[in-house]
1. What is the sum of charges, Lys and Arg at +1 and Asp and Glu at -1, for the other residues whose Cβ falls under 10 Å from the Cβ of B:Ala14?
2. Which value in nm describes the separation of the simple spin-label points at B:Glu133 and A:Glu17, placed 7 Å from the Cα toward the beta carbon?
3. Kindly report the accessible area of the range B:56-362 per residue (heavy atoms of protein chains, probe 1.4 Å, no ligands, DNA or RNA), in Å².
4. Can you list, largest first and rounded to whole Å, the semi-axes you get for the range B:56-362 by taking the square root of 5 times each eigenvalue of its Cα gyration tensor?
5. So if I place +1 on the C-beta of Lys and Arg and -1 on the C-beta of Asp and Glu, and nothing else carries charge, what would the dipole magnitude of the range B:203-348 be about its Cα centre? I want it in debye, nearest 20.
6. Can you send over the carbon and sulfur percentage of the accessible area for the range A:6-147, probe radius 1.4 Å, protein chains only?
7. Working with all protein chains in place, sort B:Phe354, B:Phe394, B:Phe107 by solvent-accessible area computed with a 1.4 Å probe, largest first.
8. Cβ under 11 Å from B:Lys292's Cβ, B:Lys292 left aside: what net charge do those residues give with Lys, Arg +1 and Asp, Glu -1?
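The values are calculated or read from the model by the stated rules, or taken from the named source; none is laboratory data. This is a predicted model, so every value here is computed, not measured. Reconstructed Cβ throughout: ideal geometry from the backbone, glycine too, with neighbour counts over all protein chains shown. Please note that ligands, DNA and RNA were not included when accessible areas were found on the heavy atoms of the full protein model with its side chains. Shrake-Rupley method; radii C 1.70, N 1.55, O 1.52, S 1.80 Å.
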Amino acid sequence: MDWKRKHLLGLEELEVEEIEHILDTTDSFREISTRAIKKVPTLRGKTIVNLFFEPSTRTRTSFELAAKRLSADTVSISAQTSSVVKGETLKDTARNIEAMQIDAIIMRHSMSGAPHFLSRCVKASVINAGDGCHEHPTQGLLDIFTMREKKGSIKGLKVAIVGDIAHSRVARSNIWGLKKLGAEVIVVAPPTLIPMGIEEMGVKVCFSLDEVIGKVDVLNILRIQLERQKCGLFPSIREYSRLYGVTVDRLKKAKKDILVMHPGPVNLGVEMAAEVANDPRTVILEQVTNGVAIRMAVLYLLLQ
Amino acid sequence: MRLIIKNGRVVDPANKIDGVLDILIDKGKIISVRKNIPAKACQVIDAKGKIVAPGFIDMHVHLREPGREDEETISSGMKAGAAGGFCSIVSMANTNPVADKQEVVKFILRKASEEGIISVYPAGAVTKGLKGEELAEIGELKEAGVVAVSDDGEPIRSSFIMRCGLEYSKKFDLPVISHSEDKDLSQGGVMDEGVMSTILGLPGIPRQAEEIMVARDIKLAELTGGRLHIAHVSTRGGVELLSQAKKKGLRVSAEAAPHHFALTSEAVKEYDPNTRVSPPLRSHEDVEAIIKGLGDGTIDAIASDHAPHSLEEREVEYSLAPSGIDGIETEVGLALNVLYHEKKIKLVEIIKKFTTGPAAILGLREGTLSIGAKANITILDLEKKWVVDKDKFFSLSRNTPFHGMSLKGKAVMTIHQGKIVYNEINNG
Ligand SMILES: [Zn+2]
């Protein structure tokens with residue numbers, strides 16, 4: 001297909017064909033990472049800026065490697081979210097970066113919609129590396145790529161996403177992508193972590209992990225953040241773990257060929273037991289590997 | 001010079017007049033309203049095909065002077081008001097310094113009378129510094145000229161202080177205008193809570209954050225016998241509570257803002273900071289309830305909640321943008337387009353929301369074309385098609401989500417105390 005899109009802000013706005021095209025492109029890029037010389041000249045002469053307003057070594061490193069393997073020049077900027085009153089606004093920051101003649105900005109930001117705002121301020125391509133509670137499209141894509149690789153097809157697949165759905169950009173990107181490709185999605189969380197109206201995104205809601213674990217093909221487990229407990233959304237990490245943690249016992253009730261995923265980093269013993277993390281059906285490291293290939297495909301398609 | 005407005009359809013709800021009549025004005029007063037007044041030694045305005053109504057009143061306007069004269073001055077706000085079809089506006093107290101002292105109220109009144117285009121009636125604060133802790137000197141504020149008290153921008157969190165405000169204001173027969181929001185429930189929300197906030201990943205404000213406060217304030221009005229006015233009601237539940245309170249005969253009134261009947265939370269889709277407003281844009285169902293409430297009289301007034309903000313403050317991430325819409329120049333157009341043309345609320349009912357409705361709440365001797373009354377007149381062209389252009393605003397700010405929208409219906413002339421202060425009638 002002919003790729004026309006300039007920015008990647010979320011999976012919500014992508015057409016099925018576009019998602020499939022990214023996944024197919026990823027197949028060919030993954031091979032490069034297995035070569036002795038892991039570099040192709042595809043994006044030679046292009047400059048890509050990693051603009052991270054939230055610390056994230058994993059995502060940043062993954063994007064950086066992806067860019068380098070395509071021979072692009074990269075710069076990483078760790079920035080502070082500035083207030084409106086004092087300091088530099090996002091707009092100033094973006095304009096300054098752009099004045100240095102760059103081709104793409106990869107941005108991680110704590111506020112939903114920040115990349116949309118950025119894309120209105122600059123001429124460069126904008127890639128959303130996670131914005132607030134909104135989307136994390138490349139994570140969604142790499143999760144879906146991994147599921148497709150392991151299960152053959154997304155159509156008809158039953159996927160449970162477990163954890164803090166309300167505040168998860170990973171959940172939203174997974175939901176959009178999986179629904180578009182024909183999967184059945186169930187979100188599992190305590191009622192306080194299920195956002196209002198999520199059924200209208202086409203998912204089922206369940207408050208009990210035990211009820212769904214035997215029925216699904218994929219478990220995508222989200223990282224739980226301690227701050228949520230402090231603001232009253234659930235009583236304790238201990239109780240959360242007892243009700244929603246994937247333990248060895250719980251995994252026994254799952255299908256034999258279940259796929260267990262996690263965007264990382266895992267709180268071992270909280271949302272997932274260490275034994276489960278080491279289980280051969282758990283593919284966290286393959287997700288990391290695929291992440292680089294997905295990001296190579298995205299950069300290639302947006303910047304070629 | 002005497003002024004005569006000829007051949008317009010005069011709609012004056014206060015006097016139950018609706019017909020093609022002439023109006024004669026002299027020395028800032030209305031002299032005569034009847035058919036075929038001879039136009040001798042008069043300036044003549046031909047209002048054929050247009051609606052001639054009593055001067056419109058906007059009872060909820062944030063002028064930014066004193067404090068943020070870069071966003072709006074008293075003068076620019078008055079010009080924007082005149083261009084929007086308003087002869088009178090109520091200025092809210094959340095300036096810097098706050099209008100919680102006589103000096104600030106007197107300053108606003110002095111500035112406004114120097115400018116003189118239209119009338120400004122200040123609202124004073126209920127509590128000192130809008131902090132919700134101690135009552136402001138409401139008696140002195142009344143002496144200085146306030147027509148209402150309000151901490152608008154902020155709710156009064158303490159039920160006890162709200163009780164005191166309602167009770168104490170009885171002595172001065174002042175309405176207490178409530179910005180109804182339970183901030184403990186709305187938390188750091190930036191938009192309506194629902195499927196849109198879920199999709200966009202923005203923190204939501206449930207409707208109940210408004211309704212809990214409306215219910216509380218109605219109960220306090222019942223307790224005190226004070227006069228309660230609910231600002232910018234935005235939810236179906238809020239309208240229902242008001243309807244019940246009115247049936248009980250409580251002294252409760254309410255206003256709705258144009259954005260709450262013209263837009264839904266769908267408008268937030270692209271994270272345009274101009275759609276951030278408090279209370280937030282709600283669902284389709286709420287919009288329908290607001291329109292119904294306007295039609296059946298549950299809601300007494302339409303008010304802009306005109307809230308100018310600078311460009312720099314708006315060119316930021318959605319969650320960092322301040323709340324508010326620069327709305328006084330699009331208000332009448334939206335009311336005519338949505339309520340009259342699309343939803344078919346009777347014109348006379350719409351005109352009431354801009355005239356007798358707010359006049360009764362504020363105790364103003366305005367909003368009527370009675371003989372001897374101040375010659376405040378708003379002329380409407382119901383069929384005029386126009387496109388909102390923020391760059392043509394008289395307001396100093398540009399924060400509108402309506403830029404580029406095509407509307408049908410507009411205020412085309414504003415006459416304040418016999419003087420034409422805004423005119424876009426071609427033959428004028
Ligand atoms: Zn308010």
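1. Numbers: positive: B:Lys16, B:Lys352; negative: B:Asp12, B:Glu366.
Cβ neighbours under 10 Å give a net charge of 0.
2. For the pair B:Glu133/A:Glu17, the computed spacing is 6.4 nm.
3. Values: 9860 Å² over 307 residues.
Per residue, the range B:56-362 has an accessible area of 32 Å².
4. Numbers: eigenvalues 131, 100, 84 Å².
Listed largest to smallest, the semi-axes of the range B:56-362 are 26, 22, 21 Å.
5. On the way: 17 positive and 23 negative charges, 191 e Å.
So the dipole magnitude of the range B:203-348 works out to roughly 920 debye.
6. Working: 2930 of 5760 Å².
C and S fraction of accessible area: 51 percent.
7. Numbers: B:Phe354 0, B:Phe394 95, B:Phe107 50 Å².
Sorted descending by solvent-accessible area, the residues read B:Phe394, B:Phe107, B:Phe354.
8. Numbers: positive: B:Arg236, B:Lys343; negative: B:Glu240, B:Glu285, B:Asp286, B:Glu288, B:Asp296.
Overall, the nearby charge balance is -3.
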